[in-house]
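The values are calculated or read from the model by the stated rules, or taken from the named source; none is laboratory data. Just so it is clear, the model here is predicted, and its values are computed rather than measured. Here Cβ is always computed from backbone atoms with ideal geometry, including for glycine, and neighbour counts include all displayed protein chains.
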């Protein structure tokens, strides 16, 4: 429904998820966080979904993070003994980021405007970020006297390095699209008018790819980042066994020998 805080569309094997609060710059209030968490989790578990594209409605913002108007109420309730003010981290943000970063299929963020705070973190949790030339990123947490959440302490150093990540977190500023591309926050930068089509085309190509192998590559790179070479080699063996047993591998070999383009099934 158009008035839902999160829209969901299937385009073949591609799931398109849209944060749909453009009048609030796609800020995350509780209904939006619940819907987004549950929608992404369902896409991760759906065998028919072979890639996920995440974006925001409108042209001003991808997502500006936590809805601070709602957050004021949470702070007041916490002062009155109504539980922790930021219970939302464990309840909403953590499972959402686990689903985005952990699913064994590619994820793409189409960053159509400013991505700030938890909104930036959601983009960082995706495998790829296709960014409008008018968009930008701002960690913003320290600007409201908070620390990083939604996985930014894990994803951001992997994208830009430890020193730059620390700077961007402790001294938040808007990183505009050209700089985002230069330092590794953006995968590609495209004219704003072309973003929707470019991001969908990019994500659709992934959705039509060998899903088991792409998921294994994602898992392998994440594992290798924090393990020894010996452990990474063992993991590669495990994952290659999985990919080698897939139908898509057999399809790829037959297509190669026949000099044809493979048509993968995603299994």
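Summary of computed values
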read-out	value
Any hit, the range 215-222, residues being assigned to a loop (DSSP other than H, G, I, E, B), in contact with a helix residue (DSSP H, G or I) (Cβ under 9 Å, 6 or more places away or on another chain) and over 27 Å from residue 11 (Cα atoms)	no
Qualifying residue in the range 71-80 (condition: more than 28 Å from residue 134 (Cα to Cα), at pLDDT below 95 and not in a helix (DSSP H, G or I))	yes
Any chance residue 232 is surrounded by 14 or more Cβ atoms within 10 Å (Cβ to Cβ), assigned by TED's automatic domain parsing to the domain that holds residue 46 and more than 22 Å from residue 248 (Cβ to Cβ)	no
Residue under evaluation residue 134, criteria (1) surrounded by 19 or more Cβ atoms within 10 Å (Cβ to Cβ); (2) touching a helix residue (DSSP H, G or I) at 6+ places or on another chain (Cβ under 7 Å); (3) touching a residue at least 24 places away in the same chain (Cβ under 8 Å), criterion not met	(1)
3 or more residues within 30 Å of residue 239 (Cα to Cα): qualifying helices (runs of 4 or more DSSP H) within the range 139-212	152-160, 195-207
Cβ-Cβ under 6 Å pairs, at least 6 apart or on other chains, the range 42-56 side more than 18 Å from residue 7 (Cβ to Cβ), far side at pLDDT 95 or above and surrounded by fewer than 24 Cβ atoms within 10 Å (Cβ to Cβ)	50/13
Members of the range 98-117 that are crowded, with 24+ Cβ neighbours inside 10 Å and in contact with a helix residue (DSSP H, G or I) (Cβ under 6 Å, 6 or more places away or on another chain)	100, 105, 106, 107, 108, 109, 110, 111, 112, 115
Residue match in the range 63-70 (condition: assigned to a helix (DSSP H, G or I), touching a strand residue (DSSP E or B) at 6+ places or on another chain (Cβ under 6 Å) and at pLDDT 95 or above)	no
